[in-house]
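The values are calculated or read from the model by the stated rules, or taken from the named source; none is laboratory data. As the structure is a prediction and not an experimental result, all values here were calculated from the model. Cβ atoms come from the backbone with ideal geometry, glycine included; neighbour counts cover every protein chain shown. In case anyone asks, the SASA skips ligands and DNA or RNA and just uses the protein heavy atoms, side chains included. Shrake-Rupley method; radii C 1.70, N 1.55, O 1.52, S 1.80 Å.
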Amino acid sequence: MKKLQLLAILLLSGVFANAQNKLEQDRNAIKALAGFYKVSFNYAETFSPVREYEYHGRHRSSAKEIAIIVEDSPKKIVIQHLLVMRGDSMIIKHWREDWTYEDPKILAFDKEDTWKAITLKPAETKGKWTQKVFQVDDSPRYQAIGTWVHVDGRSQWLSYADSPLPRREHTERNDYNVLNRRNFVYLTPTGWMFEQDNKKMLRKPGQPDELIAQEKGLEEFVKTDPASFAYAQEWWKKNEGFWKDARDIWDNVFAANAVIKLAPKVDNKLLYEKFFAANAQSVKEKWTSAKNKEEITKIINAYLIKG
């Protein structure tokens, strides 16, 4: 009996050790997404079931980007992306990604600037990481859950999610209102790849989603010389306090609302325009954290549609 008990303890210890090792592999893969990059963006429509559909032209662009880890705890890693333009003399706060482990809470995009809070079952989150992607003003974009897999020396993560239209199309297209995404993130010898298989869907109340077109997307992040990001790093030091306060206020908003619905414009201004203006004023006038949060709350409340 004692031998069986000892064997059981050893087996359980081995299972626990393997689980801890897997978690650390996951965390290392996620943290490897941070760094200094040259990024290429390539998108092409590939198929449409609509006979008279006219395919839109391919999108190709490139940029320099720094991805900074701003929070690192055992089950949460937050990475902030900054666009670096005009050499290293102009910085634009870009998207943010929060990675959370076995997280039961997720915001699912519906349509027309509306997200709904969903609670997942333990079986749906076990061993999985959620990637929560936020827009330049830290409002939600999409959230997806998947398992990191480490095999044959390769680390990769696959997920599915609905999202708003991409920036490259949201002011040019009105024939679809949901981008159904198949997101495939994997590390490469030179950085990482964000591969996408997207379905452009038209969603109407009480009707099945209609497929308008499919699209292939490749965003390749290639590591480059950190020396050309000196100004970007200094810029972030001066501005990170404001955006930390913004994250805190948004977290309160997400916790307090089962549905997040945002107005497209207020006073003919987009939400990110109000945020960027407040950020610049905060740095110039050296606002306190309390002042930041007061102004950020006012901005969000102006765009948040209740009921």
Inset, instruction - Would you mind getting me the FRET efficiency between A290 and T114? Use the beta-carbon distance for r and R0 = 22 Å, nearest 0.05. - result: 0.10
Legend entry - Inter-label distance for Q281 and A32, nm, one decimal - labels placed 7 Å from Cα along Cα-to-Cβ: 4.4 nm
Legend entry - Interchain or long-range residues, amide H under 5 Å from D162's placed H: F109, R181
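Could you look at the chain and say what percent of its accessible area is carbon and sulfur, using a 1.4 Å probe and all protein chains?
55 percent
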Inset, instruction - Select from the chain the helices, each a whole stretch of DSSP H, whose alpha-carbon atoms run 18 Å or more along the helix axis and whose Kyte-Doolittle mean is at least -0.5; answer none if there are none. - result: 2-31, 271-285
Inset, instruction - State the extension gain, in nm to one decimal, for the chain segment bounded by K126 and M90, taking 0.36 nm per residue of separation less the distance between their alpha-carbons. - result: 8.8 nm
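Give the longest segment of the chain that steers clear of GluC sites (Glu not before Pro) in DSSP loops with at most 14 neighbouring Cβ atoms within 10 Å, not counting the sites themselves.
173-307
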Legend entry - FRET efficiency estimate (nearest 0.05) - Cβ-Cβ, H59 to K269, R0 25 angstrom: 0.45
Legend entry - trypsin sites (Lys or Arg not before Pro) lying in DSSP loop within the stretch 137-168, provided at most 13 other Cβ fall within 10 Å: R167, R168
Legend entry - In Å², nearest 10: area of H56 left accessible to a 1.4 Å probe: 80 Å²
Legend entry - Long-range HN-HN contacts of N177 with modeled amide H, under 5 Å: M201, L202, R203
Inset, instruction - Compare Q20, Q131, Q233 in a GNM of the chain, Cα atoms joined below 10 Å, and give the one with the largest fluctuation. - result: Q20
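Taking the Cβ-Cβ separation of N21 and A44 as r and a Förster radius of 41 Å, what is the calculated FRET efficiency to the nearest 0.05?
Step by step, r from the Cβ atoms, then E = 0.55.
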Inset, instruction - Filter the trypsin sites (Lys or Arg not before Pro) in the stretch 73-104 to those in DSSP coil with at most 15 other Cβ atoms within 10 Å of their Cβ, and list the result. - result: K75, R86
Legend entry - Accessible surface, 1.4 Å probe, highest first, among residues D248, D98: D248, D98
Inset, instruction - Report the accessible area of I77, computed with a 1.4 Å probe over the heavy atoms of all protein chains in place, in Å² rounded to the nearest 10. - result: 0 Å²
Legend entry - Solvent exposure, largest accessible area first (probe 1.4 Å, DNA, RNA and ligands not counted), of T188, T171, T46: T171, T46, T188
Legend entry - Spatial separation of Cα centroids for the stretch 293-307 and the stretch 96-148, in angstrom: 22 Å
Legend entry - Karplus (6.51, -1.76, 1.60) ³J(HN,Hα), θ = phi - 60°, over the stretch 76-87, in Hz, Gly and Pro reported as x: 8, 10, 10, 10, 9, 9, 10, 7, 10, 10, 6, x
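Assigning unit charges at the beta carbon (Lys, Arg +1; Asp, Glu -1) and nothing else, what dipole magnitude in debye, to the nearest 20, does the stretch 117-204 show about its Cα centre? Intermediate results must be reported in sequence, preceding the final value.
Details: 15 positive and 10 negative charges, 53 e Å.
Around 260 debye, computed over the stretch 117-204.
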Inset, instruction - Taking H placed 1.01 Å from N in the peptide plane, check which residues at least 5 places from S155 or on another chain put their amide H under 5 Å from its amide H. - result: L187
Inset, instruction - Kindly sort D72, D103 by accessible area of their heavy atoms, largest first, with the probe set to 1.4 Å. - result: D72, D103
Legend entry - Net length gained if the chain between K76 and V259 were fully extended (0.36 nm per residue, minus Cα distance): 63.5 nm
Legend entry - Label-to-label distance, nm, for residues given as V222 and T297 (7 Å Cα→Cβ offset): 4.8 nm
Inset, instruction - Distance check, please: which entries in K237/K293; K274/K298; K93/K269; K116/K306; K132/K291; K116/K216 exceed 21 angstrom between their Cα atoms? - result: K132/K291; K116/K216
Legend entry - Filtered chymotrypsin sites (Phe, Trp or Tyr not before Pro), the stretch 15-101: DSSP coil and at most 14 other beta carbons within 10 Å: Y53, Y55
Legend entry - Given charges at beta-carbon only (K, R positive; D, E negative), |dipole| of the stretch 187-307 in Debye: 520 debye
Inset, instruction - Ignoring everything but the protein chains, give the 1.4 Å probe accessible area of S228 in square angstrom, nearest 10. - result: 40 Å²
